[in-house]
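First the structure, in the form of structure tokens, and then the observations on it.
The values are calculated or read from the model by the stated rules, or taken from the named source; none is laboratory data. Keep in mind that what you see is a predicted model, and the values were worked out from it rather than measured. Here Cβ is always computed from backbone atoms with ideal geometry, including for glycine, and neighbour counts include all displayed protein chains. The accessibility values were calculated without ligands, DNA or RNA, using every heavy atom of the protein model including side chains. Shrake-Rupley method; radii C 1.70, N 1.55, O 1.52, S 1.80 Å.
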Amino acid sequence: QVQVVESGGGLVQAGGSLRLSCATSGRAFSSYGMGWFRQAPGKERDFVAAISWSGEDTYYSDSVKGRFTISRDNAKNTMYLQMNSLKPEDTAVYYCAANSRGRIVIITRIQSDYDYWGQGTQVTVSS
């Protein structure tokens with residue numbers, strides 16, 4: 001069983017920054033593809049960003065590209081989402097997800113490809 005725990009959410013003013021962290025248990029982290037998703041009140045959970053097992057490949061939704069940066073530190077079993085120039089529409093619960101077959105499915109935005117999920121961390125951006 002893999003444990004995935006997000007942290008770093010909070011309240012920030014528009015234009016500000018936050019960095020989310022996702023700590024993942026297990027020594028197999030370096031083989032996991034990782035992704036961030038978010039869900040705003042009353043809306044479906046949407047893809048935000050993904051990173052391959054090696055960190056070589058990244059993919060972003062159009063709404064966050066240029067503002068958010070996904071990264072990972074395999075030595076720390078941790079993935080990060082640096083969020084800059086935050087907007088009120090970024091307000092959502094942010095979820096970390098891990099794909100244990102990341103060396104087969106290199107990078108994906110498909111939710112069903114991720115088999116481990118965190119409980120979410122709230123990000124609120126005030127105008």
Report task. Among the residues of region 22-39, write down those that are under 18 Å from Thr69 (Cα atoms), in contact (Cβ under 8 Å) with a residue 60 or more places away in the chain and small (Gly, Ala, Ser). Result -> Gly33, Gly35
Requested in this report: Provide a single number: the residues in region 27-51 that are of a type in the set (Gly, Ala, Ser) and either in a helix (DSSP H, G or I) or closer than 16 Å to Arg101 by Cβ (or both).
Outcome: 6
Query - Unmet criterion (only one of (1) buried (at least 16 other Cβ atoms within 10 Å of the Cβ); (2) under 22 Å from Gln119 (Cβ atoms)) for Pro41 - result: (1)
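Only one of Val105, Val123 is at pLDDT 95 or above and touching a helix residue (DSSP H, G or I) at 6+ places or on another chain (Cβ under 8 Å). Can you tell me which? Explain how you work it out, then say what you get.
Numbers: Val105 fails: at pLDDT 95 or above.
Result: Val123 is the single residue among Val105, Val123 that is at pLDDT 95 or above and touching a helix residue (DSSP H, G or I) at 6+ places or on another chain (Cβ under 8 Å).
Specify which of the listed residues (Trp53, Trp36) is crowded, with 16+ Cβ neighbours inside 10 Å and touching a Ser or Thr at 6+ places or on another chain (Cβ under 7 Å). Don't jump to the end; show me each part of the working.
Working: Trp36 fails: touching a Ser or Thr at 6+ places or on another chain (Cβ under 7 Å).
On inspection, the qualifying residue turns out to be Trp53.
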Query raised in the report: Looking only at region 1-26, which residues are polar (S, T, N, Q) and assigned to a loop (DSSP other than H, G, I, E, B)?
Result: Gln1, Gln3, Ser17, Ser25
**Report entry** Unmet requirement for Cys96, which otherwise passes all of (1) more than 16 Å from Val123 (Cβ to Cβ); (2) touching a Gly at 6+ places or on another chain (Cβ under 6 Å)
**Finding:** (1)
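Looking at Ser63, Ser54, which one is over 20 Å from Gln1 (Cβ atoms), assigned to a loop (DSSP other than H, G, I, E, B), modelled with pLDDT under 95 and among the polar types (S, T, N, Q)?
Details: Ser63 fails: modelled with pLDDT under 95.
Residue meeting the stated conditions: Ser54.
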**Report entry** Qualifying residues in region 1-11 (those that are among the hydrophobic types (A, V, I, L, M, F, W, C) and open to solvent by 40 Å² or more (accessible area, probe 1.4 Å)) - the one modelled with the lowest pLDDT
**Finding:** Val5
Query - One residue from Ala28, Ala14 being closer than 17 Å to Trp117 by Cβ, surrounded by fewer than 18 Cβ atoms within 10 Å (Cβ to Cβ) and hydrophobic (A, V, I, L, M, F, W, C) - result: Ala28
